[in-house]
1. Is it the case that the stretch B:234-245 has a residue that's surrounded by 16 or more Cβ atoms within 10 Å (Cβ to Cβ) and at positive phi?
2. Condition first: open to solvent by 10 Å² or more (accessible area, probe 1.4 Å), within 14 Å of chain A (Cβ to nearest Cβ) and assigned to a helix (DSSP H, G or I). Now tell me which residues in the stretch B:317-352 satisfy that.
3. Which residues, counting only those in the stretch A:351-403, are acidic (Asp, Glu) and either within 15 Å of A:Phe40 (Cβ to Cβ) or more than 18 Å from the chain's Cα centre (by Cα) (or both)?
4. Looking only at the stretch B:54-75, decide whether some residue is modelled with pLDDT of 95 or more and in a helix (DSSP H, G or I).
5. So, in the stretch B:175-200, how many residues would count as being closer than 19 Å to B:Gln233 by Cα and assigned to a helix (DSSP H, G or I)?
6. Just wondering, is there one or more residues in the stretch B:176-187 that are polar (S, T, N, Q), touching a Ser or Thr at 6+ places or on another chain (Cβ under 8 Å) and open to solvent by 30 Å² or more (accessible area, probe 1.4 Å)?
7. Just to be sure before I move on: is A:Thr59 open to solvent by 60 Å² or more (accessible area, probe 1.4 Å) and more than 19 Å from A:Gln372 (Cβ to Cβ) in the structure I sent?
8. With the requirement that a residue be acidic (Asp, Glu) and out of contact with any Pro (no Cβ under 8 Å at 6 or more places or on another chain), what does the stretch B:434-462 give you?
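The values are calculated or read from the model by the stated rules, or taken from the named source; none is laboratory data. Remember, predicted model here, so these are calculated numbers, not experimental data. Cβ placement follows ideal geometry from the backbone for every residue including glycine, while neighbour counts extend to all protein chains displayed. When the accessible area is computed, the model is the full protein with side chains, heavy atoms only, and any ligands, DNA or RNA have been set aside. Shrake-Rupley method; radii C 1.70, N 1.55, O 1.52, S 1.80 Å.
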Amino acid sequence: MPTTRRTFLKGAALASAFAALPPGARLVLAGTAAKEPLLFVLLRGGTDGLNLIAPVDDTNLIAARPAALIPSSGFGLAGGLTKQNWRLHPSAPELNALYQAGQLAIVHAAGIPFASRSHFEMQQLAEAGAVDLTTTTTLGGWIGRYAAATAVSGTFAVSALGVATLPFSEGNDYGAVDMLDAAHFKLSSPVKMAFLENAYASPISNNPIATALTKEANDALGAVQAFQSINTGYVVPPGYGTDSLSHGLSIAAELLKHNAGLQLGEFEYNNWDTHVAQAARFPSAVATLSKALGAFWNDVTAAGSKVTLIVMSEFGRRITSNASGGTDHGHGNMMLVLSTSVGGGRMYGKWPGLAPAQTDLGDLVVTTDSRQVLMEAITARRGDFPANLFPTLTVQQPLNMFH
Amino acid sequence: MTLPSASLACERLTFGPIGRDPTAPNNNNIGQWLMAQLAAPSTDAPQVTQALAAVRLEFVDVDANGKPLPPQMLPLTYIGANESTLWTAMKSAGSDFPKQVRPAQEIQAASYIRAALSPYQIFEMMVELWHCHFNIQATANGTVAASYPAFDQVIRANALGNFHTLLVAVAQCAPMMYYLNQVQSTGAHPNENFAREVMELHTLGASHYLGLTTPPNLVGTGYSDQDVQQAAQILAGWTIDQTNGSFIFRAAIHNNTAKTFLGHTIPSSGINEGVTMLSILASHPATASMVATNLYRRLVADTPPAKSAVISAMAGTYLQYLTAPNQIALMLHQLFSSAEFAASSGAKFKTPFEFLMSLLRVVNVTINPTAALNSMLAQMGDPRYNWGPPNGRPDISPPWLGNGSLLNRWAAAEELLWPTTGILVLQTPWNGLFDLLMHDPGMPLNLTHSAQAVARAIANMLPGGATAATTNALLAYAASPQVLGSSAILADPTKLRIGLGLLIAAVAATPEFQFRG
């Protein structure tokens, strides 16, 4: 029975060979030692960064929104962008612990320097790593573009985990794995595997969709084989939640602990479009995010994995709340950078202030292009930043976040 | 005028062909078939009504402590209920979430029956298109779920009708009001959610977003954040009557000032400001172009060309017949008669919903629309009427080509066909596709070799035929001892039922089956 796939990929073969190693055992693969995995978490919907991390004694903020949308009772943060009383939302104890431990850095007033308040435009730009909507179709997703430019390869090298369909950021041309949950990433039997290998041996026509289908189907068959050798008998450590972000990050940890070749990962948590009743909805969303990141970090660092994880949302929300106890679409926002190599426990960026005259039509001004954070992470932790990966990105002032 | 081939129409303009279907169009009657389809009534056909009446959908209530009660199998009682009935039921449900969400679940279940069984397939495809265009996450919260049938009814009443009428009816229905927070907006503290999305997603389109302010030379061509803020003011007071769930205008929360919207001055006129605003949007050339482009993307190809003759023509028809009660049908007729449509074979990949529906249709036995169908679609990334953000699921192929979505597609076919899943209800002797696999047309039952079943499955499930590679893969699979590869299996009805199900699921997993013509 032809259960060995024709195009069985090198990374998968290595992963299979290492699958027998105990959790935590690490082998350095030649040529990959210096390139740390980079994980990108997109919080779709527009996270209210000022409800998560803010100078809680700012009189403009206090005047603009109810107390419930200001994290006054949260964790005090040293190293803020101003001399004010910076605090982190009380529902994020895991993030506080990581900040205090120096493994979490915060960039504030970051974002995409493009004047749109549309979710879909700004998500498209965040995923394309661009600031011009007319270029995104040609550019494709920045993760896929970076993977192609730096010849990242291997079955799990580019993965979208905890998401049901491939995100635009990873495109569909780079063999990215997309896995909603580990339990469903399988086939029913070896004969079905053999059938699909035969049925998808070559495209049924020259039609580009038929060609893409053949490629994706073969990627799926290869990834299933590779994943089964990793996942059989694997037990997810305690601490993760039941949300899709936790699912995705737990799979990432599983791949990292097995040295399965995960290089670039995309994750999502989409519960932030709080136009209404934000005080009731936001804390649980923050708790989910914080718990997932904390569980993941404990899981991978206990195993000695080095990884950089960057969190962003397509935009922040308006400084002034609306009538429904919510906030409408805004602009600048926080970003989170988790890394064993980041200068954590402090904030980066330039605070524009919240007085009406200091805002962008009532929204937090973007003082740091979010792509600069990605660029610094790639440069510092992977050492291979391709020229013009992020078109028109100009860096006025390096953040120097990584040591 | 170019009429499409019957085979393309049959695959592209239905949720999938059915083997040996006497009602399918042929090349002699394709013109009449299209006209009849485009004149479809908005009410369910008798066979659909009958099938819906026969459905018993599981309901698991909870007790006062939130503990699940024993499951009950209940008929679909909310799918045709009017606003006030739905509202009364929601109020009596109190905080009982299973009761609140039941109406939305009934619409999910009914959608499978309607898409699979309706003789008016183009109508059902348009229902699907408008559900995505005006996306509402059906279970976003208890109120949206409890009132969701009102939205479905609005879509169905106008699916082939007039866009302006549809736009206004959607804007005023409770589930949309709650989903995009218009119900909470006031003049003093506007909520801009609906005001933005009605322009970005429902009418003008994001390509006509001008940014934070409107440049003087572009006034009237698109919308900026100034227009979003003005639209929120214009619509302040558009809300829902809390006594019966119907639309109401509350003058007390509306600012009585003149507004400037898309370059028009709208004098202070209460509810009429919003009526005027929607009329400006519905009659805008950008809306005509967006609707035409969306029809093209759904029915012809993922990437509409920059200069498409038929999109221009449809946009022209849209504007010419702005108030016609069959405006949408007229656009569709133009599209189906175009050279671009006729030449589009192979250009559309089935969405997960279209994939499941095409399989349900081709198997052609009684459908029990259990919640397992919802789970399958969620796994494939196409949650049934439950897409979270208001943009609706993408109408292009790349998201569905991801390896995770494909694996779940292949798995869903197997699960659907597995005897104990309980979605497909076979008669004895077997009917539908199972009957067609058991013998050649007009001949007595005769299945003595797996290759016979393969040939019949290809003939009935893949009207465009199969490549040699696909055929050989199916032959090898069917001949394996786990499928149909032994006389013991062929002689044992239980094992044969499993084996034929596996074969059907394998044909459904072929590359050929993934395309809409």
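1. Yes: the stretch B:234-245 contains one or more residues that are surrounded by 16 or more Cβ atoms within 10 Å (Cβ to Cβ) and at positive phi.
2. none
3. Within the stretch A:351-403, A:Asp360, A:Asp363, A:Glu376, A:Asp384 qualify.
4. yes
5. The qualifying residues number 15.
6. yes
7. So A:Thr59 passes the test.
8. To start, the set of residues in the stretch B:434-462 that are acidic (Asp, Glu) comprises B:435, B:440.
Within the stretch B:434-462, B:Asp440 is the sole residue that qualifies.
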